[in-house]
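Asker: Quick one: the structure is below, questions incoming.
The values are calculated or read from the model by the stated rules, or taken from the named source; none is laboratory data. Values in this document were obtained by computation on a predicted structure and should not be read as measured data. Cβ coordinates were reconstructed from backbone atoms using ideal geometry, including for glycine residues, and neighbour counts include every protein chain displayed. Side chains are part of the model used for accessible areas, which takes the heavy atoms of the whole protein and leaves out ligands, DNA and RNA. Shrake-Rupley method; radii C 1.70, N 1.55, O 1.52, S 1.80 Å.
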Amino acid sequence: MTAFPENFLWGTATAAYQVEGAWNEDGRGPSIWDTFSHTPGLVANGDTGDVACDHYHRLEEDLDLLAGLGVGAYRFSISWPRVQPGGRGPLNQPGVDFYSRLVDGLLARDIAPVATLYHWDLPQELEDAGGWPERDTALRFAEYARLMGESLGDRVRAWITLNEPWCSAYLGYASGVHAPARTDHAAALAAVHHLNLGHGLAVQALRSTAARGAQMSVTLNLHHVRGVSEADAAVVRKADALANRAFLGPMLESAYPRDLIEATAAVTDWSFVRDGDEAAACQPLDVLGVNYYNPTLVRQWDGGSAKETADGHQDGAASPWIACEDVEFVQQPGPYTEMGWNIDETGLTELLLRLHRDYPGLPTMITENGAAFPDAVDADGRVHDERRVDYLHRHLSAVAEAIEGGADVRGYFVWSLMDNFEWAHGYAKRFGVVRVDRDTMERTWKDSAYWYRDVVAANALPTGSPASTEAEPVR
Ligand code: FCB
């Protein structure tokens, strides 16, 4: 048995656009993901989030799922265009009421609400006005944060400003594989900055409301970058600057790293960073949210041989890896999940220990970790997803090892509570511990859900990892 610290927070995570549906109900405005998913050819199978998991209409049932799992916390995101349709102006009260019901329903079940303000669904009107490359979007975000703090801050005691700004900036504005599907490297770096600024202003805004004293956080998908050999140290450092320190620098150290500015000098002069912005981005945080799926392996490209882009990204003008022409992204050994991501939990331990070393006073929390596999319902009506159980087991062991090594890790959230809209992959990739039938919307516990329930109850990992086969608890 590997035990976790007392008060370790166990949870599951979802995001608004991926689960809610009800995309044009009760006054919700359009977001960039509605536009993206409604554009033919951008999402696999032409899938959209119009219905998603119909969570908007199945709130009580989904709250009961969480209660059955016994989790202490639930990480959800607030859809900005549901509560403030155009991204500015007054609140849309039916939208706020939905989150109010969600929060009250969680509290009634003794589950702590962990609210993410921005999980990628920018109101389309703000994108029409320029989106994250525009400074005004950061100001609008802070205003939205203030309104949410006023509406929910008395009950939501844990806030996450942004989810994975790396994806918002680089996948949204550089590679264009995410909404709003732009491919402009200079715009992507301006987006990086305005996300950092928006984060800091949002924390300040929340602290001016009933959310004062609540736990403040941001969730980053930090890349654990390794080099093929020691000769690759310079490209490891460059990839680390773009992926990690572009956010950690301003948010935690009040400055962009010099090597980032230098590496990207041919793309932008960073004149969008005004005096005082870095200080504004750097607000005291209570915990750092970390999303981890797999590590990254790089090598100095020799300029001649065919260049590997192992994570599937396009090289050149539409690369999310700005100014990384000399960096080769190398295929890592398997096994792989259905996303093609290699399974290597050692990166998580190393990443957590690095954060502990670099930011000793700042606790961390795993706000997402999980895996997609092609699960099927078996003849016995069950989903025997032993590979997911194995993935979760490995990564929780890795977390325990980091704690053992001194890292102050406060909690762990499985991605995801249920199968949902996996962005450009649509519904083809299933990450849930609970299965969602696409035709009937019926929820079915996979073996991983039973297993996770047992881990949560024991606050410990079992020795060996056979999935529990006990029946679903009576609620
Ligand atoms: C993360 C996202 C989350 C989900 C997982 C698989 O990048 O934050 O919404 O799509 O990946």
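Asker: What residue, among those in the stretch 165-197 that are touching a Leu at 6+ places or on another chain (Cβ under 7 Å) and closer than 15 Å to Arg140 by Cβ, is farthest from the ligand (Cβ to nearest atom)?
Answerer: Applying the filter and picking the extreme gives Leu195.
Asker: Residues of the stretch 381-396 being open to solvent by 40 Å² or more (accessible area, probe 1.4 Å) and either within 15 Å of the ligand (Cβ to nearest atom) or within 21 Å of Thr346 (Cα to Cα) (or both), which ones?
Answerer: Selection gives Glu386, Arg387, Asp390, Arg394.
Asker: Consider Gly198 carefully, then state whether it is more than 18 Å from the chain's Cα centre (by Cα) and either assigned to a strand (DSSP E or B) or at pLDDT 95 or above (or both).
Answerer: So Gly198 fails the test.
Asker: So, Asp62, is that one farther than 18 Å from Gly172 by Cα, open to solvent by less than 10 Å² (accessible area, probe 1.4 Å) and either aromatic (Phe, Trp, Tyr) or part of a helix (DSSP H, G or I) (or both) or not?
Answerer: Numbers: farther than 18 Å from Gly172 by Cα: yes; open to solvent by less than 10 Å² (accessible area, probe 1.4 Å): yes; either aromatic (Phe, Trp, Tyr) or part of a helix (DSSP H, G or I) (or both): yes.
Answer is yes for this residue.
Asker: Filtering the stretch 349-380 down to residues that are touching a residue at least 24 places away in the same chain (Cβ under 8 Å), under 18 Å from Glu442 (Cα atoms) and not hydrophobic (A, V, I, L, M, F, W, C), which residue is least open to solvent (accessible area, probe 1.4 Å)?
Answerer: By that ranking, first place goes to Asp375.
Results for (1) assigned to a loop (DSSP other than H, G, I, E, B); (2) buried (at least 24 other Cβ atoms within 10 Å of the Cβ); (3) within 16 Å of the ligand (Cβ to nearest atom), shown as yes or no for each residue.
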{"residue": "Pro5", "(1), (2), (3)": "yes, no, no"}
{"residue": "Trp10", "(1), (2), (3)": "no, no, no"}
{"residue": "Asn24", "(1), (2), (3)": "yes, no, no"}
{"residue": "Trp33", "(1), (2), (3)": "no, yes, yes"}
{"residue": "Leu66", "(1), (2), (3)": "no, no, no"}
{"residue": "Asp97", "(1), (2), (3)": "no, no, no"}
{"residue": "Ser100", "(1), (2), (3)": "no, no, no"}
{"residue": "Asp104", "(1), (2), (3)": "no, no, no"}
{"residue": "Thr116", "(1), (2), (3)": "no, yes, yes"}
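One line per residue, one yes/no per condition, for (1) open to solvent by 10 Å² or more (accessible area, probe 1.4 Å); (2) within 16 Å of the ligand (Cβ to nearest atom):
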{"site": "Leu260", "(1), (2)": "no, no"}
{"site": "Arg274", "(1), (2)": "yes, no"}
{"site": "Val290", "(1), (2)": "no, yes"}
{"site": "Thr309", "(1), (2)": "yes, no"}
{"site": "Gln314", "(1), (2)": "yes, no"}
{"site": "Val327", "(1), (2)": "no, no"}
{"site": "Pro335", "(1), (2)": "yes, no"}
{"site": "Trp341", "(1), (2)": "yes, yes"}
{"site": "Gly347", "(1), (2)": "no, yes"}
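Asker: Taking the conditions exactly as written (closer than 21 Å to Phe247 by Cα and open to solvent by 10 Å² or more (accessible area, probe 1.4 Å)), does Asp128 satisfy them or not?
Answerer: Values: closer than 21 Å to Phe247 by Cα: no; open to solvent by 10 Å² or more (accessible area, probe 1.4 Å): yes.
Criteria not met by Asp128.
Asker: May I pose another question? Consider Val228 carefully, then state whether it is more than 23 Å from the chain's Cα centre (by Cα), β-branched (Val, Ile, Thr), more than 20 Å from Ala169 (Cα to Cα) and open to solvent by less than 10 Å² (accessible area, probe 1.4 Å). Let's see the steps before the verdict.
Answerer: Numbers: more than 23 Å from the chain's Cα centre (by Cα): yes; β-branched (Val, Ile, Thr): yes; more than 20 Å from Ala169 (Cα to Cα): yes; open to solvent by less than 10 Å² (accessible area, probe 1.4 Å): no.
Here the answer is no, as Val228 does not meet what is asked.
Asker: Would the stretch 78-86 turn up any residue that is of a type in the set (D, E, K, R) and touching a Lys or Arg at 6+ places or on another chain (Cβ under 6 Å)?
Answerer: Of the stretch 78-86, the ones of a type in the set (D, E, K, R) are 82.
In the following step, the residues that additionally are touching a Lys or Arg at 6+ places or on another chain (Cβ under 6 Å) were identified as 82.
Checked against the condition, which is being of a type in the set (D, E, K, R) and touching a Lys or Arg at 6+ places or on another chain (Cβ under 6 Å), the stretch 78-86 yields at least one hit.
Asker: Is one or more of the residues making up the stretch 40-48 more than 25 Å from Val433 (Cα to Cα) and touching a residue at least 40 places away in the same chain (Cβ under 8 Å)? Explain how you work it out, then say what you get.
Answerer: Here is the first cut: in the stretch 40-48, the residues more than 25 Å from Val433 (Cα to Cα) are 40-42.
Next, only the ones that are touching a residue at least 40 places away in the same chain (Cβ under 8 Å) stay: 42.
Yes, the conditions are met somewhere in the stretch 40-48.
Asker: Exactly one condition in (1) farther than 21 Å from Gly426 by Cα; (2) outside any helix (DSSP H, G or I) is false for Ala179; which is it?
Answerer: (1)
Asker: Among the residues of the stretch 136-187, write down those that are at positive phi and in contact with a Gly (Cβ under 7 Å, 6 or more places away or on another chain). Working first, answer last.
Answerer: At the first step, the residues of the stretch 136-187 found to be at positive phi are 164, 176, 181.
Selection gives nothing.
Asker: Return yes or no: is Leu162 crowded, with 23+ Cβ neighbours inside 10 Å, modelled with pLDDT of 95 or more and within 16 Å of the ligand (Cβ to nearest atom)? Break it down stepwise before answering.
Answerer: Details: crowded, with 23+ Cβ neighbours inside 10 Å: yes; modelled with pLDDT of 95 or more: yes; within 16 Å of the ligand (Cβ to nearest atom): yes.
For Leu162, the condition - crowded, with 23+ Cβ neighbours inside 10 Å, modelled with pLDDT of 95 or more and within 16 Å of the ligand (Cβ to nearest atom) - is met.
Asker: Filter the stretch 409-429 for residues that are charged (D, E, K, R) and more than 11 Å from the ligand (Cβ to nearest atom); which is least open to solvent (accessible area, probe 1.4 Å)? If you could, list the steps in order and put the result at the bottom.
Answerer: Step one: of the stretch 409-429, the residues charged (D, E, K, R) are 410, 419, 422, 429.
Cutting the leftovers down to more than 11 Å from the ligand (Cβ to nearest atom) gives us 410, 419.
Values: Arg410: 114, Asp419: 7 Å².
The selected residue is Asp419.
Asker: Among the residues of the stretch 203-215, is any at pLDDT 95 or above, over 27 Å from Gly41 (Cβ atoms) and part of a strand (DSSP E or B)? Talk me through it step by step, then tell me what you get.
Answerer: Here is the first cut: in the stretch 203-215, the residues at pLDDT 95 or above are 203-215.
Those still in the list that are over 27 Å from Gly41 (Cβ atoms) too: 203-215.
Now drop any that are not part of a strand (DSSP E or B), which leaves 215.
Yes, there is a match, as at least one residue in the stretch 203-215 is at pLDDT 95 or above, over 27 Å from Gly41 (Cβ atoms) and part of a strand (DSSP E or B).
Asker: Quick one: in the stretch 68-90, which of the residues that are touching a residue at least 60 places away in the same chain (Cβ under 8 Å) and farther than 17 Å from Glu20 by Cα is most open to solvent (accessible area, probe 1.4 Å)?
Answerer: From the stretch 68-90, those touching a residue at least 60 places away in the same chain (Cβ under 8 Å) are 68-80, 82-84; that's our starting set.
If we keep only those that are farther than 17 Å from Glu20 by Cα as well, we get 68-73.
Numbers: Gly68: 11, Leu69: 2, Gly70: 44, Val71: 6, Gly72: 29, Ala73: 0 Å².
Residue satisfying both the conditions and the ranking: Gly70.
Asker: Next question. Please go through the stretch 35-49 and pick out each residue that is assigned to a loop (DSSP other than H, G, I, E, B) and open to solvent by less than 40 Å² (accessible area, probe 1.4 Å).
Answerer: The first filter runs over the stretch 35-49 and keeps only residues assigned to a loop (DSSP other than H, G, I, E, B), leaving 38-43, 47-49.
Hits for the stretch 35-49 are Val43, Asp47, Thr48, Gly49.
Asker: May I pose another question? Those residues that are within 16 Å of the ligand (Cβ to nearest atom) and either without any contact (Cβ under 8 Å) to a residue 60 or more places away in the chain or more than 24 Å from Asp136 (Cβ to Cβ) (or both), I need them from the stretch 201-222; list them, please. First the steps, then the outcome.
Answerer: From the stretch 201-222, those within 16 Å of the ligand (Cβ to nearest atom) are 217-222; that's our starting set.
Once the filter is applied, which keeps residues that are within 16 Å of the ligand (Cβ to nearest atom) and either without any contact (Cβ under 8 Å) to a residue 60 or more places away in the chain or more than 24 Å from Asp136 (Cβ to Cβ) (or both), the stretch 201-222 yields Ser217, Asn221, Leu222.
Asker: Quick one: is Gln93 closer than 21 Å to His55 by Cα and surrounded by fewer than 21 Cβ atoms within 10 Å (Cβ to Cβ)? So that I can check it myself, show each step before the final result.
Answerer: Working: closer than 21 Å to His55 by Cα: yes; surrounded by fewer than 21 Cβ atoms within 10 Å (Cβ to Cβ): yes.
Answer is yes for this residue.
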